Amino acid sequence: MPGLQQTKAARPRTATVIGAMLALAAMLFGAAGAAAAPADAPGAAGAAHQAAGSSHPAAAPSSLSGKTFVIGTDTTFAPFEFRDAGGELTGIDMDIIREIAKNQGFAVEIKSLGFNAALQALSSNQVDGVIAGMSITEPRKQIYDFSDPYFESGVQMAVAKSNTDVKGYEDLKGKTVTAKTGSEGETFAKSIAGQYGFTVKALDQSATMYELVKSGNAVAVFDDYPVLAYGIS
């Protein structure tokens, strides 16, 4: 995302995980309850990848082998999921879910729906699971069953490179910021909007958010720090 610069961490890092229905999560990771580990659990990051790439993989259940599961994901959330130069959906999440499928002997059909749409599809049983850099939160744990955490993340704020006025939240008063619909970035931005006197404009597409900031129609964007760091670097 040329033209943007990171400013400050918005909140402590939290675990970013695969969000999946109980049945699918249990089959993928062999966990009877498929419950999320605490965000600050030692060694939590990378647990899902270790399960997929273990040198002693668990045998695939006979009821699982040969089946196809529909997995929802975001459209663009690099480095977790994005299209490469050839138009192929790639990224950390895609590597993880494809390796798990290969290891366990089933197939996956990936549907690039957008983050909010993917969660809605999961809630309405239109997909079997979601992998989209999804943070574990208490409200989400009331709705979804999570895999073990595989990445430590957190929300950051970024502004345009040309913006020398915004150095902290107090500089956002009377202005508009943007964040992705349904994301932790949106949740956090809205949680402090009243305190600092700014407006949050939620958008479905990452590219649209960043263009809004670069064009000056929003002064800042709130997003997961790995996504901002990947794009800015």
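The values are calculated or read from the model by the stated rules, or taken from the named source; none is laboratory data. Worth saying up front: this structure is predicted, and the values here are computed from it rather than measured. Ideal geometry is used to build each Cβ from the backbone, glycine not excepted, and the neighbour counts take in all protein chains shown.
State all residues of the stretch 93-107 that are within 20 Å of F151 (Cα to Cα) and touching a Gly at 6+ places or on another chain (Cβ under 8 Å); if no residue qualifies, say none.
Residues satisfying the conditions are D93, E99.
When the stretch 183-194 is filtered for residues that are touching a Phe, Trp or Tyr at 6+ places or on another chain (Cβ under 8 Å) and either modelled with pLDDT of 95 or more or over 15 Å from V219 (Cβ atoms) (or both), the ones remaining, listed by number, are S183, E186, F188, A189, I192.
Could you say which residue among K141, K214 is in the same structural domain as P79 (by TED's automatic domain parsing) and of a type in the set (K, R)? When all the criteria are applied, what remains is K141.
Does T73 fit the bill of being among the β-branched types (V, I, T), crowded, with 19+ Cβ neighbours inside 10 Å and at pLDDT 90 or above?
On the way: among the β-branched types (V, I, T): yes; crowded, with 19+ Cβ neighbours inside 10 Å: yes; at pLDDT 90 or above: yes.
Criteria met by T73.
Out of all the residues in the stretch 209-233, which are touching a residue at least 24 places away in the same chain (Cβ under 8 Å) and polar (S, T, N, Q)? Matches in the stretch 209-233: N217 only.
Considering only the stretch 166-177, I want to know if a residue exists there that is over 24 Å from M209 (Cβ atoms) and not hydrophobic (A, V, I, L, M, F, W, C). No - not one qualifying residue is present in the stretch 166-177. Considering (1) of a type in the set (D, E, K, R); (2) modelled with pLDDT of 95 or more; (3) within 29 Å of E81 (Cβ to Cβ), the lone condition that K173 does not fulfil carries the number (3).
Please verify whether Y196 is over 28 Å from D95 (Cα atoms) and hydroxyl-bearing (S, T, Y), treating the condition exactly as stated. Lay out the reasoning, then the answer.
Numbers: over 28 Å from D95 (Cα atoms): yes; hydroxyl-bearing (S, T, Y): yes.
When the stated conditions are applied, Y196 passes them.
For A202, the stated conditions do not hold, so it cannot be described as at pLDDT 95 or above, farther than 18 Å from T73 by Cβ, among the small types (G, A, S) and crowded, with 22+ Cβ neighbours inside 10 Å. Selection of the stretch 120-137 for residues being in a strand (DSSP E or B) and in contact with a Pro (Cβ under 9 Å, 6 or more places away or on another chain) yields only G133. Residue count for the stretch 138-193 satisfying the condition of being hydrophobic (A, V, I, L, M, F, W, C), in a strand (DSSP E or B) and surrounded by fewer than 17 Cβ atoms within 10 Å (Cβ to Cβ): 0. Only residues that are within 21 Å of L113 (Cβ to Cβ) and either in contact with a Phe, Trp or Tyr (Cβ under 6 Å, 6 or more places away or on another chain) or of a type in the set (D, E, K, R) (or both) were counted in the stretch 165-182, giving 3. Here is the figure for the stretch 205-229: residues that are buried (at least 17 other Cβ atoms within 10 Å of the Cβ) and within 16 Å of the chain's Cα centre (by Cα) total 10.
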